[in-house]
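Undergrad: Right, I'll just put the structure down here and ask away after.
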């Protein structure tokens, strides 16, 4: 597995270096390391939170009526979800809250 990961990283770096994106790659690696190092959550919890955010965003975007009637952002930290924004219909809000609360790992 380590060899595969190393090969993938090497190929990505080679491809980016050919397009002049070495600074972008190096900056991204440094930025990501700084974010992970300063976050008190475990890597597994961070991954779960990202997955929750993606699934919750899909709840809104997969329903055209709700998507057009709202402007919502989703943030998840340690499995706790914060929905912020605006929605024109309280029934839509109830629907979204119900669906998001059923996502795996949501507290």
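Undergrad: Search segment 57-83 for residues that are without any contact (Cβ under 8 Å) to a residue 24 or more places away in the chain and pair each with any residue that is surrounded by fewer than 13 Cβ atoms within 10 Å (Cβ to Cβ) when their beta-carbon atoms are under 6 Å apart and the residues are at least 6 apart or on different chains.
TA: 67/61; 69/88; 69/89; 71/85; 71/86; 73/84; 73/85; 75/82
Results for (1) farther than 29 Å from residue 39 by Cα; (2) at pLDDT 95 or above; (3) touching a helix residue (DSSP H, G or I) at 6+ places or on another chain (Cβ under 6 Å); (4) crowded, with 16+ Cβ neighbours inside 10 Å, shown as yes or no for each residue.
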position	(1), (2), (3), (4)
61	no, no, yes, no
68	yes, no, no, no
75	no, yes, no, no
79	no, yes, no, no
82	no, yes, no, no
99	no, yes, yes, yes
103	no, yes, yes, yes
107	no, no, no, no
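The values are calculated or read from the model by the stated rules, or taken from the named source; none is laboratory data. Fair warning: this is a prediction, and the values are worked out from it, not measured in the lab. Virtual Cβ from ideal backbone geometry, glycine too; neighbours counted across all protein chains shown.
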